[in-house]
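Below: the structure, in structure tokens.
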Amino acid sequence: MDKRIVLVASMGMSPSVLTETVWCLAHQEVPIIPDEIVVLVAKNVADKLSKEVLGGEDPIWRRLLKALKKDGFNVDGKLVFGNTSIHVIPDAAGNAIWDLRSVADNLAAADFMLRQIRQYTETPDVEIIASIAGGRKTMSALLLSCMSILGREEDKVVHVLMPEELEGGAEPPFYFPQKGIVHVSRRTGKKYKGDKLRSELFEVPFVRMRGWYQEKFKTNPPTYLSLVKKVQRVSPPAAVYQKLEIDFDESGYVRVLPQRIDVKLSAPSFLLMALIANGVPKDALGNELYRLKSVLAEADFPMAVKWNDKFCESPKFAAEGMTADNLGDLADCMSEIRTKLIRAGFERVEDLVPKRNGKILYPLNNFVFHNEDLIPEDIRRHLISGNVQTERV
């Protein structure tokens, strides 16, 4: 059974973007004729849309359907659109918003759009095409954001590029190519035959986050802002991280790149950094350092390496299991790393060595290993990860 296609469009003071979007969808290489049209507008636009597109003795919408039928498209039972299809954005009190001019109005619009999109994305037999061509720029941005959060694989976002000749508008308004109608550009005053003008449809690529986060939420957040905040809490921070070099020479160094600032750490803290770079989970770091101590004690290291003996001689991580001593040693090392990296000008330290229950969010591919060939081959796997770059400097 074919899915029902719903075109959801944000609209501003140019109703022609709606008819042009429908026309372009039908006349693309693989024609699409939506079953239903839903328009999201402020009150001032609703009145204009109803009057200009649905009103009069020979409504523009009826002419559009006739033109599509003449071009060979089956529109029977499709493109259902009337006054009840025009959804006016309400404010917090439920009153129709006249225009989106304040922060409160735009947040109300975001919540409204989210509810509208959600009711369709929760229905398996419905496919959404969201048009962001009309309305204020904030409306288009919010509608795209809602689609990015809720959109499924089959859902689409489109934008219609109006004819270049009529940039700035035309008299009479350009609703779709019509033979026998001459449009006069408001910008240049030039005349153009309606059937010679063409718009272009652009399918907007967008990131679909729904499959990534939906398993983490047991209930749907009630508002747009609360949903955005929840997504941000479970997503890695959108940050540009400085790279860190782990140098296994001598006493071991952590180097902040690209400035090449050396950070000298104690041997336990240095090896803690190596394990973090190796992708060891935070809750396993203490036990891994305990096991590592016994492994390194039996290894035959080159004379140039001093961090091995220093770690083995250290009283830290002498306890097996997650004992209080072990946890305390881990907290001490993380505190040392935080303090010295901050002094070296490293940003976003909490993402690398978080406090308490925080997660390690620093990306592994931002670590670089240097002088890793000084590590005996039989224990290299304990300290070198396939996720980490290795290079000679």
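A short reminder: the numbers here are calculations on the coordinates, not readings from a lab. Note that the coordinates shown come from a computational prediction; the quantities given were computed from them, not determined experimentally. Because the Cβ atoms are built from the backbone with ideal geometry, glycine has one as well, and the counts that use them run over all protein chains shown.
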- prompt: Just going by the charge dipole of the chain, with Lys and Arg at +1 and Asp and Glu at -1 on Cβ, which of LEU383, ILE342, VAL228 is farthest out on the positive end?
  reply: VAL228
message: Taking the Cα centre as origin and putting +1 on Lys and Arg beta-carbons and -1 on Asp and Glu beta-carbons, what dipole magnitude results for the chain, to the nearest 20 debye?
response: 1500
task: Would you mind computing, in nm to one decimal, how far apart the modelled labels at LYS359 and ALA284 are, each placed 7 Å from Cα along Cα→Cβ?
output: 1.7
message: Report, in listed order, any pair from LYS3/LYS78; LYS3/LYS51; LYS316/LYS340; LYS78/LYS156 with a Cα-Cα distance greater than 21 Å.
response: LYS3/LYS51
field: Stretch gain in nm, segment LYS190-ASP35, where the contour uses 0.36 nm per residue and the Cα spacing is subtracted
entry: 52.1 nm
task: Give the calculated FRET efficiency between ASP309 and GLU203 to the nearest 0.05, with a Förster radius of 56 Å applied to their Cβ-Cβ distance.
output: 0.35
- prompt: Which part of region 35-79 falls in the paramagnetic zone of LYS3, meaning amide N under 18 Å from the point 7 Å along Cα-to-beta-carbon?
  reply: 35-38, 79
task: Using R₀ = 30 Å, calculate the FRET efficiency as 1/(1 + (r/R₀)^6) where r is the Cβ-Cβ separation of LYS264 and ASP373; round to 0.05.
output: 0.90
- request: Could you work out the Rg to Rh ratio of region 29-120, with Rh taken as the Kirkwood radius (inverse of the mean 1/r over all Cα pairs)?
  value: 1.05
- request: Could you check how many percent of all C-alpha pairs in region 109-164 are farther apart than 20 Å?
  value: 22
query: Roughly speaking, what % of Cα-Cα pairs in region 72-209 are separated by over 25 Å, rounded to a whole number?
result: 44
message: About the Cα centre, and with charges only on the beta carbon of Lys, Arg (+1) and Asp, Glu (-1), how big is the dipole of region 244-390? Nearest 20 debye, please.
response: 600
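In whole percent, what relative contact order does the chain give with Cα contacts below 8 Å and a gap of six or more residues? Could the numbers behind the result be given before it?
Numbers: 634 pairs, mean separation 50.5, N = 393.
Once divided by the residue count of the chain, the mean separation gives 13 percent.
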field: Over region 244-390, volume per residue of the alpha carbon convex hull, in Å³
entry: 97
- prompt: If the cut-off is a Cα-Cα distance under 25 Å, which lysines reach LYS196, setting aside same-chain residues fewer than 8 apart in sequence?
  reply: LYS66, LYS69, LYS70, LYS179
- prompt: To the nearest 0.05, what FRET efficiency results for LYS69 and GLN232 with a Förster distance of 41 Å applied to their C-beta separation?
  reply: 0.30
task: State, to one decimal in nm², a quarter of the convex hull surface area for the C-alpha atoms of the chain, i.e. the direction-averaged projected area.
output: 27.7
- prompt: In nm, to one decimal, how far is the LYS137 label point from the ALA318 one, both placed 7 Å along Cα→Cβ?
  reply: 6.5
